[in-house]
Amino acid sequence: MSDNDLREFYQRYLDLLNAREFDRLDEFVGDEVTHYGDRYTRDQVAAALTGETEAVPDLHWSLQELVVDGDRLAARLINTGTPVKEWLGVAPTGASFETVEYAVYRVRDGRFTHMTNLHDAEALRRQLRA
């Protein structure tokens, strides 16, 4: 895939996330992916995303910056939402959050084979407890 193809691919992936169309993950996520050295199936990725969006129904991923290097993508996103269920060990308080997420992916044969993400979970918890 060209750099432009990968950029379009990633934006379509974010559109899928924001539309909660997790039944289409097979278009973007390989049968198995690595995440911090552990292997997960596509179904496990879908279950994790479903769990997050059940706890935070208005969870929104907004791309701020994307760097493409060969088959790798690095993204900086702003995530926002308001939990309605316990999330990250915090009971819902009605408080919303905004956090920066950094994510790195590897794409092979048109699908993610490696996914990592990082955000400041403690800062996020502080926002939710406010």
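Residues are listed down the side, and each one gets a yes or a no for (1) at pLDDT 95 or above; (2) in contact with a helix residue (DSSP H, G or I) (Cβ under 8 Å, 6 or more places away or on another chain); (3) surrounded by fewer than 17 Cβ atoms within 10 Å (Cβ to Cβ):
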position	(1), (2), (3)
Asn79	yes, no, no
Pro83	yes, yes, no
Ser96	yes, yes, yes
Val107	yes, yes, no
Leu118	yes, no, yes
Ala130	no, no, yes
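Among the conditions (1) of a type in the set (S, T, N, Q); (2) outside any strand (DSSP E or B); (3) surrounded by 17 or more Cβ atoms within 10 Å (Cβ to Cβ), Gln11 misses just one, which is (3).
Restricting to region 85-94, give me the number of residues that are of a type in the set (Gly, Ala, Ser) and either modelled with pLDDT of 95 or more or in contact with a Cys (Cβ under 7 Å, 6 or more places away or on another chain) (or both). Let's see the steps before the verdict.
Applying the first criterion (of a type in the set (Gly, Ala, Ser)) to region 85-94 yields 89, 91, 94.
Now narrow it down to the ones that are either modelled with pLDDT of 95 or more or in contact with a Cys (Cβ under 7 Å, 6 or more places away or on another chain) (or both): 91, 94.
Residues flagged as of a type in the set (Gly, Ala, Ser) and either modelled with pLDDT of 95 or more or in contact with a Cys (Cβ under 7 Å, 6 or more places away or on another chain) (or both) within region 85-94 amount to 2.
Cβ separations smaller than 8 Å between residues 6+ apart or across chains give the following pairs from region 105-122 residues that are part of a strand (DSSP E or B) to residues that are aromatic (Phe, Trp, Tyr) and surrounded by fewer than 16 Cβ atoms within 10 Å (Cβ to Cβ): Thr116/Tyr36; Asn117/Tyr102; Leu118/Tyr102. The residues of region 25-51 that are part of a helix (DSSP H, G or I) and farther than 16 Å from Val107 by Cβ, listed by number, are Asp43, Gln44, Ala46, Ala47, Ala48, Leu49, Thr50, Gly51.
Considering only region 73-88, I want to know if a residue exists there that is of a type in the set (A, V, I, L, M, F, W, C) and at positive phi. Give the steps one after another, and end with the answer.
Going residue by residue through region 73-88, those that are of a type in the set (A, V, I, L, M, F, W, C) are 73-75, 77-78, 84, 87-88.
Still in the running and at positive phi: 88.
For region 73-88, residues of a type in the set (A, V, I, L, M, F, W, C) and at positive phi: present.
The values are calculated or read from the model by the stated rules, or taken from the named source; none is laboratory data. Small disclaimer: the values here were computed from a predicted structure and weren't measured. Reconstructed Cβ throughout: ideal geometry from the backbone, glycine too, with neighbour counts over all protein chains shown.
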